[in-house]
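To keep things clear, I will list the structure first and then write my remarks on it.
The values are calculated or read from the model by the stated rules, or taken from the named source; none is laboratory data. Since this is a predicted model, take the numbers as computed values, not measurements. Glycine gets a Cβ as well: all are built from the backbone with ideal geometry, and neighbour counts include every protein chain shown. In case anyone asks, the SASA skips ligands and DNA or RNA and just uses the protein heavy atoms, side chains included. Shrake-Rupley method; radii C 1.70, N 1.55, O 1.52, S 1.80 Å.
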Amino acid sequence: MLMSAAYSATAIGASAVLIWSGLAKIRAPSPLAGTLSELGIPLESARAIAVFVPLCEIATVAFLVAGAPSYIVAFLLTVLGVSFAAAAFLSKLTGKAVRCACFGASERNLGWPQLLALPLWLFSAWAVLHIPRTSLNERLVALVCTILILAGLQARRVLLQAASARSDRRAFVGG
């Protein structure tokens, strides 16, 4: 029971990351295309891949929720994790400071975070293979909870930015 809960939590965590990053890349595909281009991929191919990657991220979650065979979801998680780590490895290998596009545009560069995340992606893939079968309703509830947590995290960030802007405005007006 405890292990199945751990496997499920791992799958939900991976789903949350994939939803957040996939939607950010769909909203703004240019940063990913730029990152791929900086890694040496021709621009036209980079643009196509920049559309394909977020679709794979969202499809992975959709397959998980739809109850597709677990080996399909595990394969997609593995391919995505290895791809992200390979991009970071290539950036490190060439010595290029390539901007990370994991969650859309970023000031961070590709590197150790993506390489160190590879075992987490592989563990997520392995965990998906061990999740006990659940009903569609249970999977939908897990998806809704995941989306609500993501919305809460996003709302918190926006509220903190608004509070910071408000205090900056007060300092400007008062000064």
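Checking each residue in the stretch 74-105 for being in contact (Cβ under 8 Å) with a residue 60 or more places away in the chain and open to solvent by less than 30 Å² (accessible area, probe 1.4 Å) picks out Leu77, Leu80, Val98, Cys100, Ala101, Gly104.
Within the stretch 113-155, the set of residues being without any contact (Cβ under 8 Å) to a residue 12 or more places away in the chain, in a helix (DSSP H, G or I) and either hydroxyl-bearing (Ser, Thr, Tyr) or over 13 Å from Ala16 (Cα atoms) (or both) comprises Leu116, Pro119, Asn137, Glu138, Val141, Ala155.
This table checks each residue for (1) open to solvent by 50 Å² or more (accessible area, probe 1.4 Å); (2) among the hydrophobic types (A, V, I, L, M, F, W, C); (3) over 13 Å from the mean Cα position of the chain (by Cα).
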{"residue": "Thr10", "(1), (2), (3)": "no, no, yes"}
{"residue": "Gly13", "(1), (2), (3)": "no, no, no"}
{"residue": "Trp20", "(1), (2), (3)": "yes, yes, no"}
{"residue": "Ala24", "(1), (2), (3)": "no, yes, no"}
{"residue": "Leu43", "(1), (2), (3)": "yes, yes, yes"}
{"residue": "Pro54", "(1), (2), (3)": "no, no, no"}
{"residue": "Val61", "(1), (2), (3)": "no, yes, no"}
{"residue": "Leu116", "(1), (2), (3)": "yes, yes, yes"}
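Condition test on Cys56, is it out of contact with any Lys or Arg (no Cβ under 6 Å at 6 or more places or on another chain) and without any contact (Cβ under 8 Å) to a residue 60 or more places away in the chain? Here the answer is yes, as Cys56 does meet what is asked. Against the numbered list (1) within 30 Å of Ala33 (Cα to Cα); (2) open to solvent by 80 Å² or more (accessible area, probe 1.4 Å); (3) not small (Gly, Ala, Ser), Leu129 comes up short only at (1).
Can you pull out the residues in the stretch 132-148 that are of a type in the set (Val, Ile, Thr) and loosely packed, with under 13 Cβ neighbours inside 10 Å? Lay out the reasoning, then the answer.
The first filter runs over the stretch 132-148 and keeps only residues of a type in the set (Val, Ile, Thr), leaving 134, 141, 144, 146-147.
Val141, Val144, listed by residue number.
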